[in-house]
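S.K.: Right, I'll just put the structure down here and ask away after.
Every number in this text was worked out from the coordinates using simple rules, so none of it is lab data. Values in this document were obtained by computation on a predicted structure and should not be read as measured data. Here Cβ is always computed from backbone atoms with ideal geometry, including for glycine, and neighbour counts include all displayed protein chains.
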Amino acid sequence: MRRSYVGSGNPNFGKKHSTKTKELIREKAVGRKASLATKIKMSKSHKGKIVWNTGRQTPKEVREKIRASWAKIAYIRIGERNPNWNGGTTTLRSRVWHSIKYKNWRNSIFQRDNYTCVLCQAKSQKGMAIRLEADHYPKPFASFIREATNGEKDNIFEKVMIFEPLWLSSGRTLCVDCHNKTKRSLTRP
Ligand SMILES: [Zn+2]
């Protein structure tokens, strides 16, 4: 940032965004993530540069303001207001998928299907590894979660883990490509 733009030198100094503008900025920022390449570029271009505020003491009241606005951001990021919020199932899914019980279920599907994608017959061979996933089929995983938790929000992981219909359910082996295709299509092939 050019030094003349700092503080009262900045044309926007003292001005505040309207709520509408803030919403627009927030909408734009939602889901935006710097790609790895961009991050590397940013880090390279910043390397060795002296930051404009080095050696300057930020006044106490400004520090307080900064701290307060970070606290607000941290609050907003919690739960439903988080741009990545999807109903709270991501953590649940990943906890279930990391459990021994799930790994056993998945392995039994892989074994039955002979470690082969049931849609395109892809299979790992010497020199070529195919990543396989177990798809809950014909009834999707999300339906079991809904039934197991019954719309309640507490102890959902425990409820899913003891929901026997899920663990007795059938599935099929898919390669990652086929699995992604089934996720995109409305009718599950
Ligand atoms: Zn496949």
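S.K.: Can you give the Rg to Rh ratio for segment 81-184, taking only C-alpha atoms and Rh from Kirkwood? Display every interim value, and only then the final one.
M.R.: Details: Rg = 14.9 Å, Rh = 14.8 Å.
Rounded to two decimals, Rg/Rh equals 1.01.
S.K.: With 20 Å as the limit, write out which pairs from Lys101/Lys183; Lys101/Lys181; Lys103/Lys139 have Cα-Cα distances beyond it, or answer none. Can you show the working numbers first?
M.R.: Values: Lys101/Lys183 24 Å; Lys101/Lys181 26 Å; Lys103/Lys139 18 Å.
Listed pairs above 20 Å: Lys101/Lys183; Lys101/Lys181.
S.K.: As a footprinting exposure proxy, order Thr173, Thr182 by other Cβ within 10 Å, with the fewest listed first. Working shown, then result.
M.R.: Working: Thr173 25, Thr182 17.
Lowest to highest Cβ neighbour count: Thr182, Thr173.
S.K.: Principal axis lengths of segment 106-164 from Cα atoms, whole Å, largest first?
M.R.: Projected onto the principal axes, the Cα atoms of segment 106-164 cover 46, 19, 16 Å.
S.K.: Related question: Could you list Asp177, Asp135, Asp113, Asp154 in order of exposure, starting from the residue whose Cβ has the fewest other Cβ atoms within 10 Å? Mind dumping the intermediate values first?
M.R.: Values: Asp177 14, Asp135 22, Asp113 17, Asp154 7.
Ordered by Cβ neighbours within 10 Å, fewest first: Asp154, Asp177, Asp113, Asp135.
S.K.: At Asn155 and Ile66, where each label point lies 7 Å from the Cα along Cα→Cβ, what is the point-to-point distance in nanometres?
M.R.: Distance between label points: 4.6 nm.
S.K.: Taking neighbour counts of Cβ atoms within 10 Å as a proxy for exposure, in what order, fewest first, do Cys120, Cys178 appear? Don't skip to the end; give the middle numbers.
M.R.: Values: Cys120 13, Cys178 21.
With the fewest neighbours first, Cys120, Cys178 line up as Cys120, Cys178.
S.K.: Of the GluC sites (Glu not before Pro) in segment 91-189, which ones lie in a loop per DSSP and count no more than 15 other C-beta atoms within 10 Å? It would help to have the intermediate numbers written out before the result.
M.R.: Values: sites: Glu133, Glu147, Glu152, Glu158; in loops: Glu152.
Counting only loop positions with at most 15 other Cβ atoms within 10 Å, the GluC sites (Glu not before Pro) in segment 91-189 are Glu152.
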